[in-house]
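S.K.: Okay, here's the structure, questions in a sec.
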Amino acid sequence: MLENNHSLESIGSMPQTSLVLSALFCASVAFASAQKPNILFITMDDMNWDSMGSYGSPVEDITPHMDSLAAQGMRFHHAFVQSSTCAPSRNVLHTGRYPHVSGMHGFYSVKFPHNTVPEYLREAGYFTGVVQKVPDSTPTNDFDRYWHYHKSLPTQRGSTPVEYAKAFEAMVTGAKVEGKPFYAVINVIDPHLPFYNGPMMREQSDIWDQTSPSRVYSPDEVPVPGFLHGHPAFAQEVADYYSTVRRGDDCVGAVLDVLRQHGLEDDTIIIFLSDHGMSMPFAKSTLYPAGVRTPWIVVWPGVAEPGYLDAEHMISAIDYMPTILDIIGAPVSEELEGRSIVPLIRGEQQADRNRVFVQLNENPNATVRPIRGIYTRDFVYIFNPWSNGDRIATMEARWYRSWQTMKELAGRDPLFAERFDFLKYRTTEELYAYSVDPDALNNLIDNPHYRAIADQLRGEMESWMDRTDDYVLPAFLDRENSEALEAFFQHHQAIAHERAKDTEWKRTNNHHGSTAGHSKYYDPNQ
């Protein structure tokens, strides 16, 4: 944990006149800050959008604390993140840029010359703090540049409600000491793998948090997702996932208790979402609905209507930064692709809220798998320039039970054999009517009845790629040329491999070298 207390430490050495001037300045800042709300941003790690009771989960009493937020505030039904892996997804929130624009293609730090959300808030007089996922929440490893307080919990107690409460208490106290409103980012690590009660957690009990959730679910209490065809072979792992969701909810409850104990509920805006979907096949590390849809709740006393559901407008992580800037009254740069959702929070209408663009670029170990997608309220079109019929997709689930279960089922069930092959190899283009096929089981790309829709979405994707200077655009324009696609892939894979050879990219406590903690930053403009 690092805390910046320079302003407090230096007061004792100031001349008397300076102390008076400083007191006047601090009083003016405190007065200005009183006009600004506290902002509490709570994120979950790898939680599906529909795992919450308030988002339709059939699991009994799964998320009481998260659901209390939904009751106090408003929900968005058509909410998305831009990417379905941790660092690229979370950096969109705080940079306001798509991953291919910021350079955050994968799990390393980037040269980022623009202000981020915590920097803007510091300039506006906020006390900024973050707990957990600190490297994944900022584009560089110069954490003091962004945060007055930042803390990463050890894995042995990283999912303990008490630890989250203590960290949030430190943020609230730090803000009070400095006479500032707070911007507190609470990144709850659950339900990221390893799941509670899973084999890895049991076998490596000295490494992983053994904190029990307030309720443990059994296989007969949970439904297996439709994208796994509801097969009972996955039921135990799904039950462990939901138990881990419940432990994450316990952590959310502990944080909300601290807010209530300080009497700050009426002075605090709460924003809640998940960074992407669950770590199972067809979810995390994919652009299917289970990968990029997210719950999104806003509690804003006196502004957001309690219990309201916006089922019309499409929003995504790219809108987060403009929203925060709008809330604090800061100018919103025209360079930002996203738009503030404050009008929607107030219950107003916004035009052109009917498309969301999503992407993947690179996984840990410099594994390049660029994917692009465009969502409407009914359809999703996906472009896979890496897919050549032999190359296998990469995803975290490959190293865990669900992948092995699917592989075993594929050996004896033709349905799973076909499904497993598609998961591994994909195809260059995909189209799903996910409003009626929520698990993306039926690829319509070759269906002549949907040709016009596919062409329309291709045209919109091309325009977006051109507007945002997407490096994948040349491949998209040559999508019917297999040789051109292979050359594109090999070129960008070589770039990633060359970068990965440099140990400066690597994080010393992570064998993947998968995010910040080094002194060298990737410059996407070179």
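S.K.: Kindly indicate which of Val59, Val101 is β-branched (Val, Ile, Thr) and under 21 Å from Ser340 (Cβ atoms).
M.R.: Val101
S.K.: Within the set of pairs 6 or more residues apart or between chains, which connect a residue that is free of Cβ contacts under 8 Å to residues at least 12 places away in the same chain inside region 469-494 to a residue that is surrounded by 15 or more Cβ atoms within 10 Å (Cβ to Cβ) and in a loop (DSSP other than H, G, I, E, B) with Cβ atoms less than 8 Å apart?
M.R.: Pairs that qualify, where the first residue is free of Cβ contacts under 8 Å to residues at least 12 places away in the same chain and the partner is surrounded by 15 or more Cβ atoms within 10 Å (Cβ to Cβ) and in a loop (DSSP other than H, G, I, E, B), are Ala484/Asp478.
S.K.: To continue, here is another question. Test of understanding: among Asp378, Asp326, which residue is out of contact with any Pro (no Cβ under 7 Å at 6 or more places or on another chain) and either under 22 Å from Met461 (Cβ atoms) or of a type in the set (Phe, Trp, Tyr) (or both)?
M.R.: The match here is Asp378.
S.K.: Among the numbered conditions (1) closer than 19 Å to Met47 by Cβ; (2) over 24 Å from the mean Cα position of the chain (by Cα); (3) not assigned by TED's automatic domain parsing to the domain that holds Thr294, tell me where Val224 comes up short.
M.R.: Of the numbered conditions (1) closer than 19 Å to Met47 by Cβ; (2) over 24 Å from the mean Cα position of the chain (by Cα); (3) not assigned by TED's automatic domain parsing to the domain that holds Thr294, the odd one out for Val224 is (2).
S.K.: Does Phe195 satisfy being more than 15 Å from His94 (Cβ to Cβ) and in a helix (DSSP H, G or I)?
M.R.: no
S.K.: Return only the number of the condition from (1) under 17 Å from Ala79 (Cα atoms); (2) surrounded by fewer than 23 Cβ atoms within 10 Å (Cβ to Cβ); (3) modelled with pLDDT of 95 or more that Gly373 does not satisfy.
M.R.: If we test Gly373 against (1) under 17 Å from Ala79 (Cα atoms); (2) surrounded by fewer than 23 Cβ atoms within 10 Å (Cβ to Cβ); (3) modelled with pLDDT of 95 or more, just (2) comes out false.
S.K.: In a helix (DSSP H, G or I), in contact (Cβ under 8 Å) with a residue 12 or more places away in the chain, out of contact with any helix residue (DSSP H, G or I) (no Cβ under 9 Å at 6 or more places or on another chain) and of a type in the set (Gly, Ala, Ser): is that true of Ala165 in this structure?
M.R.: Against the criterion (in a helix (DSSP H, G or I), in contact (Cβ under 8 Å) with a residue 12 or more places away in the chain, out of contact with any helix residue (DSSP H, G or I) (no Cβ under 9 Å at 6 or more places or on another chain) and of a type in the set (Gly, Ala, Ser)), Ala165 does not qualify.
S.K.: Select from region 342-368 the residues that are free of Cβ contacts under 8 Å to residues at least 40 places away in the same chain and touching a strand residue (DSSP E or B) at 6+ places or on another chain (Cβ under 7 Å) and list them in ascending order.
M.R.: Gln350
S.K.: Exactly one condition in (1) modelled with pLDDT of 95 or more; (2) surrounded by 15 or more Cβ atoms within 10 Å (Cβ to Cβ) is false for Asp421; which is it?
M.R.: (2)
S.K.: Can I ask one more? Test of understanding: among Pro306, Pro281, which residue is of a type outside the set (A, V, I, L, M), under 18 Å from Ser68 (Cβ atoms) and in a loop (DSSP other than H, G, I, E, B)?
M.R.: Only one candidate passes the filter, namely Pro306.
The values are calculated or read from the model by the stated rules, or taken from the named source; none is laboratory data. Every value quoted in this text rests on a predicted model; they were computed, and no experiment measured them. Using ideal geometry, Cβ is built from the backbone for each residue, glycine included, and neighbour counts are taken over all protein chains shown.
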